[in-house]
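The structure appears below as structure tokens.
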Amino acid sequence: MSRPIRTTSIAAGVCGTLIIGTATFAQTPAPAPAPPAVSPLGIPLTATITTPGYPAPGPADPKLRVLAAPGGKKVHVLPATLETTQWGWFDNSQPPVLRVKSGDTIALETMMHSHNQVVPGATIEQIKKLRTDFPGRGPHTLTGPIYIEEAQPGDVLKVRLNKIVPRAYATNFNVPGMFGQFPTIFQDGQVKYLYLDLDNMTTEFLPGIVLPVRPFPGTLAVARKEPGRYSSVPPGEYAGNMDIRDFVAGSTLYVPVHVPGALLWTGDSHAGQGNGEVNLTAIETAYKEFNITVEVVKGKPLDFPRIETAKSWITMGFDQDLNKAWTQAKAQTVKFLSEQRGVSAAEAEKLMTSVSDCRVSQVVNIKKGIHCLNPKNARDKEDMERPTKETPKYYVSHVKDADLNKAMNDASMGMINFLSSEKKLTRLDAYGLASVAMDCRVGAISDTEKNVHCVMPKSIWVASAGKR
């Protein structure tokens, strides 16, 4: 018989005053040491691979990136090669690898992490070495930048996701003693490689535990306004490593433009993810086709990214402190609702409590993220359930605390412990499953009490589905 997880109640403290507005983040460029010619796995890291005895290839002809498509249409095609990708950084002085116009469609490829080195066969020791040997850069391989001719600072770039086709495999891993929500607790490492059944859009994480495949880009970014080379890890006003799992095909990103041409990158391609992404990784894959349409929006400035899905508008906030990420997400949501409904900020704040569904996007990207789904109409509300104990649909871990960071930590660990003790998963498998399938939801928030409800859908246990 299933047992509910005990709810933790901790005496409330005092939280800071809420400030409505957009937070400003201090940023420091990541160091840019000259990389060695060969990575720890023996992959050449020079811009161009040459073969002894053969001439070096010349630059790509941009005219040959435009191909005929069905129906007489044309589409820009951008393969993922060492010449069209960067490993772990953004730099607004990087020459574009493709130039397009507003309204154009691009079918591009992405690579796995670390210039396609984290693929089946790579060990966790090798994956760790790819991080320790290359400090200052993120793990992500980013295809781009793409220059959009009409885009200028102050404009908004609209990016619609038309189609996403992943590779047939993916990975989830915990780097030992590094990164993730609990690096000091999980000192041992593990890597799992998963087969993606793209006919049924599922993957078996463990025997009898089957997860839905819902591909989305972990990272989609325009160039930052600051010059220099920056790690790809933290998200910001340029979008970037948002890790918002609702950003699937059919959705649209609206992001402010900071430099001429916008300069668009994508990578960190996911086949699915939990809200929280607690062990650092989602269901990490690469895309055979990431099909997007870009459009420049003039005269409607935006100070922070927003996402439009079929049913909702998504607002978001990022900060190293989850309390401050919530403050920013709330400010952006109040601003959006005020604009959408034509009401005052005070009225929008009251409205938010009944219509907005806020989730912890991730807590592992230097800046933690919270995103809020705001339905376009009442009948399209998301699942706003905030249970405090087990339900017929969910296993539940609920914690309340004056500090949102601690509430998230304790609720996440409560679920991991439950998976270990009650579902008999190993510690690292429990950590990994929480990262790819747990859904951490923000509940009631006040100056003295923050609620986090982490839920795990029972439906993923297919072997025992008939017994419940």
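The values are calculated or read from the model by the stated rules, or taken from the named source; none is laboratory data. What you see is a predicted model; the values in this text were computed from it and never measured. Neighbour counts run over all protein chains shown; Cβ positions are idealised from the backbone, glycine included. Heads up: the accessible areas ignore ligands, DNA and RNA and are worked out on the full protein's heavy atoms, side chains in. Shrake-Rupley method; radii C 1.70, N 1.55, O 1.52, S 1.80 Å.
Let's see how each residue does on (1) open to solvent by 40 Å² or more (accessible area, probe 1.4 Å); (2) touching a Pro at 6+ places or on another chain (Cβ under 6 Å); (3) among the aromatic types (Phe, Trp, Tyr):
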{"position": "Pro301", "(1), (2), (3)": "yes, no, no"}
{"position": "Pro305", "(1), (2), (3)": "no, no, no"}
{"position": "Glu308", "(1), (2), (3)": "yes, no, no"}
{"position": "Ser312", "(1), (2), (3)": "no, yes, no"}
{"position": "Gly317", "(1), (2), (3)": "no, no, no"}
{"position": "Trp326", "(1), (2), (3)": "no, no, yes"}
{"position": "Ala329", "(1), (2), (3)": "no, no, no"}
{"position": "Glu339", "(1), (2), (3)": "yes, no, no"}
{"position": "Val355", "(1), (2), (3)": "no, no, no"}
Checklist line | Long-range neighbours under 8 Å by Cβ, at least six apart or interchain, first residue without any contact (Cβ under 8 Å) to a residue 12 or more places away in the chain within the stretch 317-341, second crowded, with 20+ Cβ neighbours inside 10 Å and part of a helix (DSSP H, G or I) | finding: Ser338/Ala348; Arg341/Ala348
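Within the stretch 53-92, which strands (runs of 3 or more DSSP E) (wholly inside it) include 2 or more residues that are polar (S, T, N, Q) and at pLDDT 85 or above? It would help to see each step written out before you state the result.
Numbers: elements: 66-68, 74-78, 85-87, 89-91.
Fully inside the stretch 53-92 and qualifying: 85-87.
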Notebook entry, point to check: Does Thr184 fit the bill of being over 22 Å from Ala80 (Cβ atoms) and of a type in the set (S, T, N, Q)?
Noted result: yes
Next item on the list: Test Tyr238 against the stated conditions and say whether it is in contact with a strand residue (DSSP E or B) (Cβ under 6 Å, 6 or more places away or on another chain), at pLDDT 95 or above, open to solvent by 30 Å² or more (accessible area, probe 1.4 Å) and among the hydroxyl-bearing types (Ser, Thr, Tyr).
Entry: no
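Which residues, counting only those in the stretch 209-227, are within 18 Å of Val257 (Cα to Cα) and open to solvent by less than 30 Å² (accessible area, probe 1.4 Å)?
Taking the stretch 209-227 and keeping what is within 18 Å of Val257 (Cα to Cα), we get 219-227.
If the condition is that a residue be within 18 Å of Val257 (Cα to Cα) and open to solvent by less than 30 Å² (accessible area, probe 1.4 Å), then Thr219, Leu220, Ala221, Val222, Ala223, Arg224 are the ones that fit.
Please verify whether the stretch 113-126 includes one or more residues that are charged (D, E, K, R) and under 21 Å from Pro166 (Cα atoms). Talk me through it step by step, then tell me what you get.
Step one: of the stretch 113-126, the residues charged (D, E, K, R) are 125.
If we keep only those that are under 21 Å from Pro166 (Cα atoms) too, we end up with none.
No, there is no match, as no residue in the stretch 113-126 is charged (D, E, K, R) and under 21 Å from Pro166 (Cα atoms).
Matching residues to (1) among the polar types (S, T, N, Q); (2) on the phi > 0 side of the Ramachandran plot; (3) part of a helix (DSSP H, G or I); (4) touching a residue at least 60 places away in the same chain (Cβ under 8 Å):
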residue: Val364; (1), (2), (3), (4): no, no, no, yes
residue: Gly369; (1), (2), (3), (4): no, no, no, yes
residue: Asn374; (1), (2), (3), (4): yes, no, no, yes
residue: Pro387; (1), (2), (3), (4): no, no, no, yes
residue: Glu390; (1), (2), (3), (4): no, no, no, yes
residue: Val436; (1), (2), (3), (4): no, no, yes, yes
residue: Ala444; (1), (2), (3), (4): no, no, no, no
Margin query: Let me spell it out: the conditions are (1) assigned to a loop (DSSP other than H, G, I, E, B); (2) in contact with a strand residue (DSSP E or B) (Cβ under 8 Å, 6 or more places away or on another chain), and Asn200 meets all of them except one. Which number is the exception?
Written below: (2)
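Condition check ((1) of a type in the set (Val, Ile, Thr); (2) over 21 Å from the mean Cα position of the chain (by Cα); (3) more than 20 Å from Gly276 (Cβ to Cβ)) across all residues:
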{"position": "Glu149", "(1), (2), (3)": "no, yes, yes"}
{"position": "Pro153", "(1), (2), (3)": "no, yes, yes"}
{"position": "Lys158", "(1), (2), (3)": "no, no, yes"}
{"position": "Leu161", "(1), (2), (3)": "no, no, yes"}
{"position": "Pro166", "(1), (2), (3)": "no, no, yes"}
{"position": "Met201", "(1), (2), (3)": "no, no, yes"}
{"position": "Val233", "(1), (2), (3)": "yes, no, no"}
Check: Which residues, counting only those in the stretch 392-434, are small (Gly, Ala, Ser) and free of Cβ contacts under 8 Å to residues at least 40 places away in the same chain?
Finding: Ser420, Ser421, Ala430
Margin query: Among the residues in the stretch 275-284, are any over 29 Å from Asn405 (Cβ atoms), part of a loop (DSSP other than H, G, I, E, B) and touching a strand residue (DSSP E or B) at 6+ places or on another chain (Cβ under 9 Å)?
Written below: no
Check: How about the stretch 102-122: which of its residues are in a loop (DSSP other than H, G, I, E, B), open to solvent by 40 Å² or more (accessible area, probe 1.4 Å) and either among the polar types (S, T, N, Q) or touching an Asp or Glu at 6+ places or on another chain (Cβ under 8 Å) (or both)?
Finding: Ser102, Gly103, Glu109
Next item on the list: Collect the residues in the stretch 252-263 that are more than 16 Å from the chain's Cα centre (by Cα) and either acidic (Asp, Glu) or in a strand (DSSP E or B) (or both), keeping them in residue-number order.
Entry: Pro256
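So is Glu284 open to solvent by less than 10 Å² (accessible area, probe 1.4 Å), at positive phi and of a type in the set (D, E, K, R) or not? Can you show your working first?
Numbers: open to solvent by less than 10 Å² (accessible area, probe 1.4 Å): yes; at positive phi: no; of a type in the set (D, E, K, R): yes.
For Glu284, the condition - open to solvent by less than 10 Å² (accessible area, probe 1.4 Å), at positive phi and of a type in the set (D, E, K, R) - is not met.
Looking at the stretch 453-467, can you tell me whether even one residue there is more than 21 Å from Gln187 (Cβ to Cβ), in a loop (DSSP other than H, G, I, E, B), open to solvent by 10 Å² or more (accessible area, probe 1.4 Å) and of a type in the set (S, T, N, Q)?
Of the stretch 453-467, the ones more than 21 Å from Gln187 (Cβ to Cβ) are 453-467.
Now restrict to residues that are in a loop (DSSP other than H, G, I, E, B): 462-464.
Retained after the next criterion (residues that are open to solvent by 10 Å² or more (accessible area, probe 1.4 Å)): 462-464.
Adding the requirement that they be of a type in the set (S, T, N, Q) leaves 464.
Yes, the stretch 453-467 has at least one match.
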Check: Are any residues in the stretch 142-178 buried (at least 18 other Cβ atoms within 10 Å of the Cβ) and among the hydrophobic types (A, V, I, L, M, F, W, C), and if so, which ones?
Finding: Leu142, Ile146, Ile148, Ala151, Val156, Leu157, Val159, Leu161, Ile164, Ala170, Phe173, Val175
Checklist line | Pick from the stretch 426-442, criterion open to solvent by less than 20 Å² (accessible area, probe 1.4 Å) and over 20 Å from Ala271 (Cα atoms), ranking: farthest from the chain's Cα centre (by Cα) | finding: Val442
